[in-house]
Amino acid sequence: MKPQANEQNGSTQNGDIAIDAATVAMDAAAIVPTAAAVAAGVASTATAVSAGAVVPAKSSQQLKLELLNMGNGNGHENCTFHHDLELDHKPPTREALLPDMARSYRLLLGGLGENPDRQGLIKTPERAAKAMLYFTKGYDQNLEDVLNGAVFDEDHDEMVVVKDIEMFSMCEHHLVPFYGKVSIGYLPCNKILGLSKLARIVEIFSRRLQVQERLTKQIAVAVTQAVQPAGVAVVVEGVHMCMVMRGVQKINSKTVTSTMLGVFRDDPKTREEFLNLVNSK
């Protein structure tokens, strides 16, 4: 009988160790961003400790489910931009970020040696936060919403070009503006796009933190997704304030980037026609 009692006591102790380990894992999840990984590791350790015990350790999947249900039921409550589809919560609206952004700008002003409480700067942090949200409003837009059904069946297979679309963006390297113009051409395959939508597509991707090279390609890919044409060509000419106001300070420099897809890449004559139309006065 005694050996059975010792075995039972040993099982109970090991089971307690497993439960305690799971509790530690849940506590860690409240403060460690990689709580799921920590919980899985603790759970596997608890399983090893309780080998042969009557009360097994909780599985990593069980711990993960418990972690997701902690707090007010959402999990990862402190993650500002958490896009895990398993979690039943979404990032806050951009307007909800204004107070934190304004505080950051206030700290920045103080770091520059300014007095954020002087008359001219009292409302500057809030104004700057609102301005930054406007400069990056493209994060709130997507292609489907912007097109809004403005794709039309049309028996037209000749080149469509909209040029000199004004563009304003923010350099992601220095958070200063770059601006210029965008020219877009495409060869329809029985579908055409409302002309203003080409300018809207430029707005989606330019109103984000960008580099000009990526911006050019994103516009071309978006037009391709919209109407599935035979080809798309995009040329962007930009002036970068990070080159004008700082660094080499070359005031008259311009950056030209292009993306050619489909027949514009494969057919030199088609590409030349587009470039001639873009460069004509």
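The values are calculated or read from the model by the stated rules, or taken from the named source; none is laboratory data. In this text the structure is predicted, and so the values were computed from the model without any measurement. Counting neighbours? That spans all protein chains shown, and the Cβs are built from the backbone with ideal geometry, glycine included. With ligands, DNA and RNA removed, areas are computed over all heavy atoms of the protein, side chains included. Shrake-Rupley method; radii C 1.70, N 1.55, O 1.52, S 1.80 Å.
Observations
- Residue match in the stretch 213-228 (condition: of a type outside the set (Val, Ile, Thr) and in contact with a Cys (Cβ under 9 Å, 6 or more places away or on another chain)): yes
- The condition of being at pLDDT 95 or above, outside any strand (DSSP E or B), among the hydroxyl-bearing types (Ser, Thr, Tyr) and more than 20 Å from Glu166 (Cα to Cα) holds for only one of Thr216, Thr224, that being Thr224.
- Listed conditions (1) closer than 21 Å to Arg271 by Cα; (2) among the aliphatic types (A, V, I, L, M); (3) outside any helix (DSSP H, G or I) are all met by Ile251, apart from (1).
- Scanning the stretch 178-196 for residues that are outside any strand (DSSP E or B) and either within 22 Å of the chain's Cα centre (by Cα) or among the hydroxyl-bearing types (Ser, Thr, Tyr) (or both) turns up just one, Ser196.
- Hey, Glu144 open to solvent by 60 Å² or more (accessible area, probe 1.4 Å), within 29 Å of Thr93 (Cα to Cα) and not in a helix (DSSP H, G or I) or not: no
- Hey, Glu237 touching a strand residue (DSSP E or B) at 6+ places or on another chain (Cβ under 9 Å), more than 28 Å from Phe152 (Cα to Cα) and assigned to a helix (DSSP H, G or I) or not: no
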